[in-house]
Amino acid sequence: MYMTRLQIKGLVIIVVLALSLYFIYPTIKWYLMSDIERANAEKMRDKILNKIINLGLDLKGGIHLVLELDDSKISSETDLTDALDRVIEIIRNRVDQFGVTEPIIVRQGEKWIVVELPGIKNPETAKNLIGKTALLEFKLLGPSEKLSSINEKIRQLGLNITEARNNPEILALVPTGYVLLPGKNEESLYLVKSSPEITGAYLVNARTRLGGQFGLPYVSLDFNKEGAKIFATVTGANIDKNLAIVLDDVVQSAPVIRSRIPDGKAIIEGNFTEEEAKFLATILRAGSLPAPVKIIEERSIGPTLGEDSIQKGTISSILGLLLVIIFMIIYYNISGVIANIALILNFIILLASLALFRFTLTLPGIAGIALTLGMAIDANVLILERLRDELELGKTPRVALDLGYSRALTTIIDSNLTTLIAAVFLFQFGTGPIKGFAVTLTLGILISMFTAIFVTKTIYEFMFQENLIRKVKL
Amino acid sequence: MKLIGKTNIDFIGKRYISISFSILLILITIVSLIIHKGPNLGIDFTGGILVQIKFKQLPKLLELRNILSEGGINNPELKTFPGINSVIIQIKTKQEESEQITTKIKDIFLKKNIEFNVERVEFVGPKIGKYLSNRAILSILLSFLGIIIYVALRFKSSIWGVSGVIALIHDVFITMGLLSILNREITLNVIAALLTLAGYSINDTIVIFDRIRENLTLQRKEPLDKILNISINQTLSRTIITSLTVELVLLVLFLLGGEVIHDFALSLLFGCFIGTYSSIFIASPIVYEWILFRTKRK
């Protein structure tokens with residue numbers, strides 16, 4: 001059996017529609033699931049997660065950060081790119097241990113890193129987790145009589161800890177080879193050697209333990225073989241001296257070395273809460289950054305605001321489209337209905353493409369869907385107005401239809417392509433939310449070329465063939 | 001149904017009226033920009049911090065200002081949304097350390113025992129602000145250039161592309177004028193709206209240009225102004241219906257879309273209106289004057 005051209009066209013449309021519904025189905029299923037089922041699916045990393053339409057941070061809630069690597073602090077033999085790669089790897093480790101689903105960590109430009117964490121409830125903790133250099137150093141304390149005279153001077157001058165560390169008179173008292181470092185909570189100063197005895201680079205593990213001094217949580221450290229050797233030598237040579245444990249230039253504690261420690265085990269105490277101890281262990285395990293990073297951009301959105309945006313965005317978009325649909329029916333009658341079928345098909349294919357290509361839907365993106373569908377009507381308006389002209393010139397409906405479509409075609413292509421040029425640059429320029437807008441705008445325009453031209457024409461041809469209409473009513 | 005039947009309006013003959021009107025709008029824009037010392041750039045471009053806080057019960061604006069200044073936050077821009085008990089606190093600053101201001105603001109409310117919830121934080125460091133500004137300008141310029149090149153290729157003459165882009169710059173500029181008069185901020189979303197407007201405006205213009213091109217070959221003997229008039233009149237119904245459907249969608253987004261896309265929708269709502277106007281009244285007269293000028297010189 002041979003198919004007529006019209007049948008083939010009809011088949012193409014049905015196949016596209018069926019495929020689209022197939023790709024949208026997981027998303028619909030997802031939103032019909034209860035909160036518990038969804039949480040479960042997220043925990044199990046269910047496959048459905050890769051098939052649903054991905055929502056942007058502005059809708060889902062979460063945090064977007066841009067970090068800048070302080071390249072002045074990289075040792076000269078390290079390459080900037082290597083350092084950046086290492087930073088990304090460490091941040092990924094930390095984020096993974098923190099249990100964030102679907103994080104995005106990518107480099108941008110020369111020394112920037114973009115970090116996106118969806119669904120984060122506590123942005124402050126996340127920021128600390130990512131931004132901490134976590135450089136762990138063990139440094140011997142300086143002579144105590146020097147520190148006493150420094151403290152004496154500070155009292156005389158009436159300075160606080162921060163001021164003291166920048167005061168030239170105080171700094172003049174610091175012997176060469178030593179530095180002044182603050183303790184936790186800025187309550188006291190420590191005089192320590194500038195060069196560390198050993199660093200966190202030799203760590204293999206860090207864990208939270210309970211029941212240290214006064215039953216407080218502490219962090220236990222395990223050095224690797226090489227580290228254990230160094231640690232044994234250092235502790236053996238400095239018995240009864242204080243060894244300060246320094247994290248990012250803040251002294252956590254400075255215990256006295258009682259005996260040589262041969263097995264490479266150490267502990268950090270420091271009045272931690274359980275949370276703090278866990279946090280510290282996490283970043284120590286993931287390793288220290290090769291150079292400090294600074295947050296140069298932050299955008300965080302709470303989950304409630306996101307939900308509010310989804311609701312408002314969806315309701316207004318649907319309402320807007322309904323108005324367009326009603327207008328088209330009133331203005332163009334049956335032809336308006338056909339244009340509306342194309343419009344709804346455009347909407348379905350657009351959602352399917354978002355799911356299929358894993359594009360991110362953002363709030364401007366939702367607005368973009370409404371807007372492009374409003375614009376997509378234009379192709380049909382162009383065709384229908386042409387059709388009217390041709391009919392007025394006295395052409396028969398069937399001839400007028402063909403002429404209307406072919407004459408409108410170049411105009412539709414020209415006008416849509418120029419809009420596409422603007423959309424492409426929008427995509428290039430865009431940060432997250434705007435990129436989402438550029439995506440829906442571009443997709444909507446491209447799909448409209450198919451739905452508004454191909455689909456509507458097929459419907460007309462079918463209706464003529466079946467004698468459903470004799471006259472094009474406009 | 002038919003909104004507009006056959007029309008025969010002499011757009012080209014009355015071009016001086018429309019061009020004068022546009023010049024007036026442009027002058028208003030320039031004056032407003034001078035009075036406001038340039039466009040009101042948001043923190044995306046100036047750098048700074050924005051914190052949106054939801055309260056159980058929204059304090060009065062004056063009270064908020066007092067609480068904040070007591071805590072050392074001076075002269076923040078405050079925008080309250082009584083409907084959702086929220087306030088947006090915004091501080092434009094080029095300081096690198098402004099990130100810590102969030103913590104400071106939280107501490108202030110914590111100390112006052114006011115129940116609140118931080119819903120949104122945006123911190124843009126000066127480097128990012130500069131980076132985004134450059135990117136915005138570059139993408140606007142490149143998209144204009146892209147449009148000129150495409151239209152020039154399609155129409156085999158730069159007259160059309162350049163005229164279309166002049167009309168488009170006219171639309172974007174006057175829309176910026178409205179934003180300036182209303183003292184709305186230029187944010188990333190507004191830039192996105194302006195770029196979309198550029199796309200929409202040129203789209204609208206191209207439809208008319210296409211018809212002119214067609215009529216130029218169909219009716220070689222007619223004078224240029226007549227062909228332009230016929231073409232605009234023939235496409236008038238389409239121009240108005242399309243902008244009507246687009247404006248319908250935008251109006252709903254503007255009214256109900258929520259505060260995040262409010263300015264975005266406003267820019268497009270007004271911009272598409274101006275875009276439609278310029279497609280009819282500005283783009284073709286520019287083409288007309290250009291061709292006239294060129295033939296006179298010969």
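The values are calculated or read from the model by the stated rules, or taken from the named source; none is laboratory data. Here the structure is a predicted model, which means the values were calculated and not measured. As a convention, Cβ positions derive from the backbone with ideal geometry for all residues, glycine included, and neighbour counts pool all protein chains shown.
Residues are listed down the side, and each one gets a yes or a no for (1) surrounded by fewer than 17 Cβ atoms within 10 Å (Cβ to Cβ); (2) touching a residue at least 24 places away in the same chain (Cβ under 8 Å):
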| position | (1), (2) |
| --- | --- |
| B:Phe11 | no, yes |
| B:Lys14 | yes, no |
| B:Ile19 | yes, yes |
| B:Leu24 | yes, no |
| B:Leu27 | yes, no |
| B:Val31 | yes, no |
| B:His36 | yes, yes |
| B:Gly47 | no, yes |
Could you say whether any residue in segment B:77-94 is within 11 Å of chain A (Cβ to nearest Cβ) and either of a type in the set (A, V, I, L, M) or surrounded by 15 or more Cβ atoms within 10 Å (Cβ to Cβ) (or both)?
yes
Of the numbered conditions (1) surrounded by fewer than 22 Cβ atoms within 10 Å (Cβ to Cβ); (2) at pLDDT below 90; (3) more than 7 Å from chain A (Cβ to nearest Cβ), B:Gly258 satisfies every one except a single condition; which is it?
(3)
Single unsatisfied condition, B:Thr196 versus (1) more than 9 Å from chain A (Cβ to nearest Cβ); (2) among the β-branched types (Val, Ile, Thr); (3) more than 17 Å from B:Glu289 (Cα to Cα):
(1)
Output for segment B:163-185, where each listed residue is within 14 Å of chain A (Cβ to nearest Cβ), buried (at least 17 other Cβ atoms within 10 Å of the Cβ) and either within 21 Å of B:Leu41 (Cα to Cα) or of a type in the set (Val, Ile, Thr) (or both)
B:Val165, B:Asp171, B:Val172
Sole exception among (1) farther than 17 Å from B:Ile232 by Cα; (2) facing chain B (nearest Cβ under 10 Å); (3) among the hydrophobic types (A, V, I, L, M, F, W, C) for A:Leu409, by number
(2)
So, in segment A:221-236, how many residues would count as being in a helix (DSSP H, G or I), of a type outside the set (Gly, Ala, Ser) and closer than 8 Å to A:Tyr202 by Cα?
1
Selection from segment A:279-316 of residues that are surrounded by fewer than 23 Cβ atoms within 10 Å (Cβ to Cβ), small (Gly, Ala, Ser) and within 7 Å of another protein chain (Cβ to nearest Cβ)
A:Gly302
When segment A:416-442 is checked residue by residue, the ones that are surrounded by fewer than 24 Cβ atoms within 10 Å (Cβ to Cβ) and more than 8 Å from chain B (Cβ to nearest Cβ) are A:Phe427, A:Gly432, A:Lys435, A:Thr442
If B:Thr245 meets every condition in (1) within 7 Å of another protein chain (Cβ to nearest Cβ); (2) touching a strand residue (DSSP E or B) at 6+ places or on another chain (Cβ under 6 Å) apart from one, which number is that one?
(2)
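Here is a yes/no grid of residues against (1) surrounded by fewer than 19 Cβ atoms within 10 Å (Cβ to Cβ); (2) closer than 19 Å to A:Glu297 by Cβ; (3) free of Cβ contacts under 8 Å to residues at least 40 places away in the same chain:
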residue	(1), (2), (3)
A:Arg45	yes, no, no
A:Gly62	no, yes, no
A:Leu65	no, yes, no
A:Asp70	yes, yes, no
A:Thr78	yes, no, no
A:Ile90	no, no, no
Any residue in segment A:441-457 that is within 28 Å of A:Ser300 (Cα to Cα), without any contact (Cβ under 8 Å) to a residue 40 or more places away in the chain, assigned to a helix (DSSP H, G or I) and touching a Ser or Thr at 6+ places or on another chain (Cβ under 7 Å)?
no
Residue, surrounded by the most Cβ atoms within 10 Å (Cβ to Cβ), within segment A:237-251, restricted to residues that are under 41 Å from the mean Cα position of the chain (by Cα) and assigned to a loop (DSSP other than H, G, I, E, B)
A:Asp248
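Can you confirm whether segment B:217-227 contains a residue that is facing chain A (nearest Cβ under 8 Å) and either closer than 21 Å to A:Asp378 by Cα or free of Cβ contacts under 8 Å to residues at least 40 places away in the same chain (or both)?
Applying the first criterion (facing chain A (nearest Cβ under 8 Å)) to segment B:217-227 yields none.
No, segment B:217-227 has no match at all.
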Among the residues of segment A:326-334, is there at least one that is buried (at least 20 other Cβ atoms within 10 Å of the Cβ) and either facing chain B (nearest Cβ under 8 Å) or farther than 24 Å from A:Gly61 by Cα (or both)?
yes
Failed item, numbered, when A:Arg165 is tested on (1) in contact with a helix residue (DSSP H, G or I) (Cβ under 9 Å, 6 or more places away or on another chain); (2) not in a helix (DSSP H, G or I)
(2)
Within segment B:103-145, tally of residues that are closer than 23 Å to A:Ile434 by Cβ and either more than 7 Å from chain A (Cβ to nearest Cβ) or surrounded by 19 or more Cβ atoms within 10 Å (Cβ to Cβ) (or both):
24
Leading residue by the ranking (nearest to the other protein chains (Cβ to nearest Cβ)) among those in segment B:146-161 that are under 30 Å from B:Ile28 (Cα atoms) and free of Cβ contacts under 8 Å to residues at least 40 places away in the same chain:
B:Gly146
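For segment A:356-384, which residues satisfy the criterion of being more than 9 Å from chain B (Cβ to nearest Cβ) and either among the polar types (S, T, N, Q) or crowded, with 24+ Cβ neighbours inside 10 Å (or both)? Reasoning before the result, please.
Step one: filter segment A:356-384 for residues more than 9 Å from chain B (Cβ to nearest Cβ), giving A:356-362, A:365, A:369, A:372, A:376, A:379-380, A:383.
Answer for segment A:356-384, where residues must be more than 9 Å from chain B (Cβ to nearest Cβ) and either among the polar types (S, T, N, Q) or crowded, with 24+ Cβ neighbours inside 10 Å (or both): A:Thr360, A:Leu361, A:Thr362, A:Gly365, A:Ile369, A:Thr372, A:Ala376, A:Ala379, A:Asn380, A:Ile383.
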Test of understanding: among B:Leu266, B:Leu253, which residue is within 7 Å of another protein chain (Cβ to nearest Cβ) and either among the hydrophobic types (A, V, I, L, M, F, W, C) or surrounded by fewer than 24 Cβ atoms within 10 Å (Cβ to Cβ) (or both)?
B:Leu253
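Residues in segment A:252-273 that are of a type in the set (A, V, I, L, M, F, W, C), under 19 Å from A:Tyr202 (Cα atoms) and within 42 Å of the chain's Cα centre (by Cα): how many?
Looking only at segment A:252-273, we keep the residues that are of a type in the set (A, V, I, L, M, F, W, C), and these are A:254, A:256-257, A:261, A:266-268, A:272.
Now drop any that are not under 19 Å from A:Tyr202 (Cα atoms), which leaves A:261, A:266-268.
From the residues that got through so far, the ones that are within 42 Å of the chain's Cα centre (by Cα) too are A:266-268.
Of the residues in segment A:252-273, 3 are of a type in the set (A, V, I, L, M, F, W, C), under 19 Å from A:Tyr202 (Cα atoms) and within 42 Å of the chain's Cα centre (by Cα).
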